[in-house]
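Asker: Mind having a look at this structure? Questions to follow.
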Amino acid sequence: MKKLLSTAIATALTATGLLATSATLNTAAAEVAFNAGVMSQYIFRGVTQRDGASIMGGADYTHKSGLYLGTWFAQVGNSGNLGNSQGLEIDVYGGYNANIGDLGLGAGFTSYQYTDKITSTKTGFDTSYNELNFKASYGPFTATLNPGYREATPGTGSKDAKYLFSSVKAEFGGFYGLYGHWDWDSNGPKDGNYLQAGYKTSLGGMDLEAAVVRSSKELNVIGAKAGIDEDTRMFFSASKSF
């Protein structure tokens with residue numbers, strides 16, 4: 001899987017660079033769109049990535065065939081609760097979406113990179129993650145399956161940690177509810193799960209979201225230090241595409 005992901009990531013990085021030079025070309029077959037925004041705090045799959053305001057942005061290329069490529073960044077770290085780490089998360093992703101009647105299917109990959117990486121001599125934010133992405137949707141329901149691995153810390157003799165993240169989501173009239181679960185092998189953190197409920201809408205050209213996240217103690221990286229088991233947090237985000 002590593003070889004497959006590495007090849008796909010290299011292809012995506014090359015394509016992203018080429019697309020950046022032709023972002024003004026917008027044809028009936030394909031288009032490039034950009035986005036920028038801010039989150040009150042960055043919570044991803046039930047885990048706090050930044051316990052304060054986080055600026056985010058990205059670029060996406062989509063083709064009418066269903067192929068897509070993109071990149072996205074956000075600030076991570078922020079305070080002593082997250083090890084005084086700073087820097088950015090930079091994602092590169094690509095894949096293919098298709099519809100068979102009312103059934104939507106998708107397959108792709110995502111690489112999560114960090115500018116403040118953990119090494120054998122440095123306490124950074126994290127090491128890299130690489131994963132495959134599979135999804136299926138029907139009506140208001142969407143299910144995802146994401147097998148991947150977290151790279152070992154260089155120079156420590158540790159091993160890559162394999163994981164499987166899965167989720168089920170239901171949406172209705174802008175409201176949504178989601179259940180997600182992390183399943184790690186023996187080299188990774190403990191398994192954990194979370195519930196998330198929120199609302200998305202557009203106002204004055206801005207995309208707005210408010211959500212509440214309830215994480216199990218295994219995903220509660222901040223509250224666990226204070227002896228708190230399960231943790232409930234709320235976040236807001238505002239972004240604009242152009």
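Asker: Where residues in region 214-242 are at pLDDT below 85 and charged (D, E, K, R), which of them is most open to solvent (accessible area, probe 1.4 Å)? Break it down stepwise before answering.
Answerer: Taking region 214-242 first, the residues at pLDDT below 85 are 221-230.
Add one more test, that the residue is charged (D, E, K, R), and what stays is 225, 229-230.
On the way: Lys225: 142, Asp229: 92, Glu230: 95 Å².
Of everything passing the filter in region 214-242, Lys225 is most open to solvent (accessible area, probe 1.4 Å).
Asker: Please determine whether any residue of region 19-33 is open to solvent by 30 Å² or more (accessible area, probe 1.4 Å), within 30 Å of Met234 (Cα to Cα), more than 17 Å from the chain's Cα centre (by Cα) and modelled with pLDDT of 95 or more.
Answerer: yes
Asker: Could you list, in sequence order, the residues of region 51-80 that are over 12 Å from Phe34 (Cβ atoms) and touching a helix residue (DSSP H, G or I) at 6+ places or on another chain (Cβ under 7 Å)?
Answerer: Within region 51-80, Asp51, Leu69 meet the criteria.
Conditions tested, residue by residue: (1) under 18 Å from Asn99 (Cβ atoms); (2) under 15 Å from the mean Cα position of the chain (by Cα); (3) without any contact (Cβ under 8 Å) to a residue 40 or more places away in the chain.
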{"residue": "Glu131", "(1), (2), (3)": "no, yes, no"}
{"residue": "Tyr138", "(1), (2), (3)": "yes, no, yes"}
{"residue": "Phe141", "(1), (2), (3)": "yes, no, yes"}
{"residue": "Tyr163", "(1), (2), (3)": "no, yes, yes"}
{"residue": "Glu171", "(1), (2), (3)": "yes, no, yes"}
{"residue": "Tyr176", "(1), (2), (3)": "no, no, yes"}
{"residue": "Trp182", "(1), (2), (3)": "no, yes, no"}
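Asker: Next up: Tally the residues that are open to solvent by 60 Å² or more (accessible area, probe 1.4 Å) and closer than 20 Å to Gln41 by Cβ, restricting the search to region 190-206.
Answerer: Taking region 190-206 as the starting set, the residues that turn out to be open to solvent by 60 Å² or more (accessible area, probe 1.4 Å) are 190-191, 195, 199-200, 202-204, 206.
After this cut, where a residue has to be closer than 20 Å to Gln41 by Cβ as well, the list is 195, 199-200, 206.
Qualifying residue count for the region: 4.
The values are calculated or read from the model by the stated rules, or taken from the named source; none is laboratory data. Bear in mind the structure is a predicted one, so any value in this text is a computation, not a measurement. Cβ coordinates were reconstructed from backbone atoms using ideal geometry, including for glycine residues, and neighbour counts include every protein chain displayed. Accessible surface areas use protein heavy atoms only, side chains included; no ligands, DNA or RNA. Shrake-Rupley method; radii C 1.70, N 1.55, O 1.52, S 1.80 Å.
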